[in-house]
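The values are calculated or read from the model by the stated rules, or taken from the named source; none is laboratory data. Please read these numbers as outputs of a predicted model, since none were measured by experiment. Counting neighbours? That spans all protein chains shown, and the Cβs are built from the backbone with ideal geometry, glycine included.
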Amino acid sequence: MLLPQELIFQILLWLPVKSLIRFKCVSNTWKEVEGLHFPYVNRNIHEEEPKGGSLYNGAIHSLDFHNDLETEVIVAFDLMEKKLSYMLLLCDYEGSPMHCGLWVYGEFLRAYTMNYVNDTVDIFVMKEYKVNSSWTLTHALPIDVIQNDDFSPLCCTKSCDIVGTDDPKDRKPCGSEINWDNVNSHASI
Amino acid sequence: MAEEVSSQMNSLSISETNPSSSATISLVSGDDIVFKVEPTIAKEMETVQSFIDETDGKITTIPLPNISSHDLPYVIEYCEKSIAGKITKEFEAEFVKKLNNEEVKELFLAANYLNIKKLLDFLSQVIADRIANKSVEYVRRYFGIENDFTPEEEAKLREELAWTFTGVDPDDEDEN
């Protein structure tokens, strides 16, 4: 039983974005289904480990891929105005940010990313909200104590040590906990 | 199959005896089986209703050459539930459980032909759910679409979109 093309396209509208994009590989016609243009796509949608957004300044922030700029950006959804906007993720950062994430801490929006050139986890702070040029590197923590590429900071102790985990599925500071004080890299905030 | 149809027809003829009902509408499937339905059911099918309206209600026997006697009872069942306001998640789940992939596609075409918006949307969602986690090859087979990429083009596109290829179900060759 063959369905006419225009009916098939009606069906495609009901697909999750990730499937829809995968099916661009079906044929040339499907590749051109661009009535379905999404400015942003979240490339980290793994059903097993969905990442929640970070609430900050009345907006939910997530890291998404900007299809036109072809780079990861921070997309903010303003809960009051119900509008999307985006900010650049780190300015003048060498190379494309890998294994990065957002972290709201100490009343600032922060980002962390693996720096494979220097073998560090770099933590940045956006000193002025929505001002792309205000990204400032605050910490470059040694990477060698992390078992995989999934480090994310969890919290800060009273003595200003950053505690993080290398197992994002299990966001508990236990077992995989990394206390930077113990690895002789005192990281104060 | 013949039994299913006749039991469906029995249940319909019971509702026919309802004293409040006006003249029933006869829907004739492509394989010449007559299904008598309430006018309220016909209203759910825009194509049928506009046919009735055009003839000022004088014609109550409507040929539906594109719809088989296998599919029509499902369409009627859905419409009955719909006007009774009984389309629940449970009903929908039971409804599609009975249908294989070919049947869902046939019903989808029937819903499109009869212009039943709710059923069409519902079946679109059902088909989308069934293919969402499937491979590109599966979807080509499912819709009978020819791969018109060169191997190089396809490889390049797959590489660009590699991130969308996680969590894809292995193909089940028994289906369809």
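Please work out which one of (1) facing another protein chain (nearest Cβ under 7 Å); (2) in contact with a Cys (Cβ under 9 Å, 6 or more places away or on another chain); (3) under 30 Å from residue B:68 (Cα atoms) is the condition residue B:124 fails and give its number.
Condition (2) is where residue B:124 drops out.
Among the residues in the range B:153-167, are any of a type in the set (D, E, K, R), assigned to a loop (DSSP other than H, G, I, E, B) and either under 24 Å from residue A:18 (Cβ atoms) or within 10 Å of chain A (Cβ to nearest Cβ) (or both)?
Of the residues in the range B:153-167, the ones of a type in the set (D, E, K, R) are B:153-154, B:156, B:158-160.
Still in the list and also assigned to a loop (DSSP other than H, G, I, E, B): none.
No: the range B:153-167 contains no residue that is of a type in the set (D, E, K, R), assigned to a loop (DSSP other than H, G, I, E, B) and either under 24 Å from residue A:18 (Cβ atoms) or within 10 Å of chain A (Cβ to nearest Cβ) (or both).
For every residue, the table says whether it meets (1) aromatic (Phe, Trp, Tyr); (2) within 24 Å of the chain's Cα centre (by Cα).
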| residue | (1), (2) |
| --- | --- |
| B:113 | yes, yes |
| B:119 | no, yes |
| B:126 | no, yes |
| B:134 | no, yes |
| B:138 | yes, yes |
| B:141 | no, yes |
| B:155 | no, no |
| B:165 | yes, no |
| B:171 | no, no |
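In the range B:135-148, which residue that is at the interface with chain A (Cβ under 8 Å from one of its Cβ atoms) and surrounded by 17 or more Cβ atoms within 10 Å (Cβ to Cβ) is nearest to residue A:8 (Cα to Cα)? Write out each step before concluding.
Narrowing the range B:135-148 to residues at the interface with chain A (Cβ under 8 Å from one of its Cβ atoms): B:136, B:139-140, B:143-148.
Filter once more, so that each one left must be surrounded by 17 or more Cβ atoms within 10 Å (Cβ to Cβ): B:136, B:139-140, B:143, B:145.
Values: B:136: 15, B:139: 11, B:140: 12, B:143: 8, B:145: 11 Å.
The qualifying residue nearest to residue A:8 (Cα to Cα) is B:143.
State yes or no: is residue B:149 touching a Leu at 6+ places or on another chain (Cβ under 8 Å), outside the structural domain of residue B:25 (by TED's automatic domain parsing) and on the phi < 0 side of the Ramachandran plot? Full working, then the answer.
Working: touching a Leu at 6+ places or on another chain (Cβ under 8 Å): yes; outside the structural domain of residue B:25 (by TED's automatic domain parsing): yes; on the phi < 0 side of the Ramachandran plot: yes.
When the stated conditions are applied, residue B:149 passes them.
Given B:164, B:61, which one is of a type in the set (S, T, N, Q) and surrounded by fewer than 16 Cβ atoms within 10 Å (Cβ to Cβ)?
Values: B:164 fails: surrounded by fewer than 16 Cβ atoms within 10 Å (Cβ to Cβ).
Within the list B:164, B:61, the selection yields B:61.
Does residue A:81 satisfy the condition of being without any contact (Cβ under 8 Å) to a residue 24 or more places away in the chain and either among the polar types (S, T, N, Q) or over 20 Å from residue A:153 (Cα atoms) (or both)?
Working: without any contact (Cβ under 8 Å) to a residue 24 or more places away in the chain: yes; either among the polar types (S, T, N, Q) or over 20 Å from residue A:153 (Cα atoms) (or both): yes.
Against the criterion (without any contact (Cβ under 8 Å) to a residue 24 or more places away in the chain and either among the polar types (S, T, N, Q) or over 20 Å from residue A:153 (Cα atoms) (or both)), residue A:81 qualifies.
Looking at the range B:54-69, I want the residues that are within 23 Å of residue A:2 (Cα to Cα) and in the same structural domain as residue B:107 (by TED's automatic domain parsing) and have a partner that is in a loop (DSSP other than H, G, I, E, B) and of a type in the set (D, E, K, R) with Cβ atoms under 6 Å, at least 6 apart or on another chain. Which pairs are those?
Sorted first by the residue in the range B:54-69, then by its partner, the pairs are B:68/B:31; B:69/B:31.
In the range B:34-62, how many residues are over 18 Å from the mean Cα position of the chain (by Cα) and either closer than 26 Å to residue B:100 by Cβ or assigned to a strand (DSSP E or B) (or both)?
Matching residues across the range B:34-62 total 4.
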